[in-house]
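For reference, the structure is listed below as structure tokens.
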Amino acid sequence: MKWLSRGVTILLALLLFFMITVTLLSRSAGGEPMILGHQLKTVLSGSMEPQIQTGSIIAVKPGGDMTQLKEGQIITFRQVKNASTILVTHRIVKAVPLATGQTQYVTKGDNNDGPDPDPVLSDNVTAVYSGFTLPYAGYFLDFARSRSGTALMMILPGLLLLGYSVMNIWKGLKSLELPSGKEAPPAPPAG
């Protein structure tokens with residue numbers, strides 16, 4: 001039972017540390033957090049399922065020569081949609097070198113029926129998928145970025161610490177209780 005209790009305590013501590021780190025990195029970066037040179041992104045659609053589930057966090061590597069990418073690689077790129085720019089992560093199905101030195105990529109979501117309607121210029125590619133996926137953790141990251149999520153991340157460690165302290169005090173008091181049916185030992189003589 002002690003091992004189970006310690007295991008749960010360690011798991012909760014690691015989870016709490018991860019949550020606080022990701023929240024603080026996200027807030028300090030002003031957007032997507034960076035860890036070891038990789039950017040963490042939340043997947044908002046099911047276009048890349050089953051490999052990348054909706055609500056997952058993926059790690060992408062920004063920078064580098066985006067003109068040398070190959071078919072089969074998964075990239076994150078800027079796409080203009082309804083007069084606003086969004087980021088999309090899809091697989092390259094065809095790479096076409098252009099005379100201008102750029103490369104044009106035909107992309108497709110693994111779960112989509114056909115390729116994306118507009119090819120992507122290498123200048124619009126922002127990152128390459130590194131292969132790391134943390135399923136469903138994106139839901140938490142989106143919540144942590146919200147105002148109420150940030151407030152909770154600042155309060156939660158204190159509440160967990162308080163709860164842990166109360167539990168330890170309760171265990172300590174319980175161990176001091178005498179077993180039922182036994183009399184208290186006599187008080188030592190004064191003197």
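Bear in mind these aren't lab numbers, they're just calculated from the coordinates by the rules spelled out. Keep in mind that what you see is a predicted model, and the values were worked out from it rather than measured. For neighbour counting, all protein chains shown are included, and Cβ atoms are generated from backbone atoms with ideal geometry for every residue, glycine included.
So what are the ³J(HN,Hα) numbers for segment 50-61, from phi and the Karplus equation (6.51, -1.76, 1.60; θ = phi - 60°), rounded to whole Hz, Gly and Pro as x?
So the J values, rounded to whole Hz, are x, 5, 10, 6, 4, x, 7, 9, 10, 9, 10, 9.
Would you mind computing, in nm to one decimal, how far apart the modelled labels at ASP113 and TYR139 are, each placed 7 Å from Cα along Cα→Cβ?
Here the answer is 2.9 nm between the modelled labels.
Using amide H atoms built in the peptide plane, which far-off residues or other-chain residues are under 5 Å from LEU121 H to H?
Distant-sequence amide H within range of LEU121: TYR105.
Short version: ³J(HN,Hα) in whole Hz for each residue of segment 82-94, in order, from phi by Karplus 6.51 cos²θ - 1.76 cosθ + 1.60 (θ = phi - 60°), x for Gly and Pro, what are they?
6, 6, 9, 9, 10, 9, 10, 10, 9, 8, 6, 9, 7
Label GLU49 and ILE169 with points 7 Å out from Cα along Cα→Cβ: what is the distance between them in nm?
4.8 nm
What FRET efficiency comes out for PHE18 versus THR100 if R0 is 45 angstrom and r is the Cβ-Cβ distance? Round to the nearest 0.05.
0.55
What is the set of long-range amide H partners of TYR129 at a cut-off below 5 Å, with H atoms built 1.01 Å from backbone N?
Under 5 Å from the amide H of TYR129: LYS61, ILE74, ILE75, THR76.
Under a straight-distance cross-link criterion of Cα-Cα below 28 Å, which lysines are reachable from LYS94, leaving out those fewer than 8 residues away in the same chain?
Those lysines meeting the cut-off are LYS41, LYS61, LYS70, LYS81, LYS108.
Can you give the FRET efficiency for ILE10 and LEU87, using 1/(1 + (r/R0)^6), R0 = 25 Å, r = Cβ-Cβ distance, to the nearest 0.05? Numbers along the way, then the final one.
Values: r = 36 Å, r/R0 = 1.42.
Here the calculated transfer efficiency is 0.10.
Mind checking which lysines have their C-alpha under 16 Å from LYS171, skipping anything on the same chain fewer than 8 residues away?
Hits, sequence-local ones excluded: LYS2.
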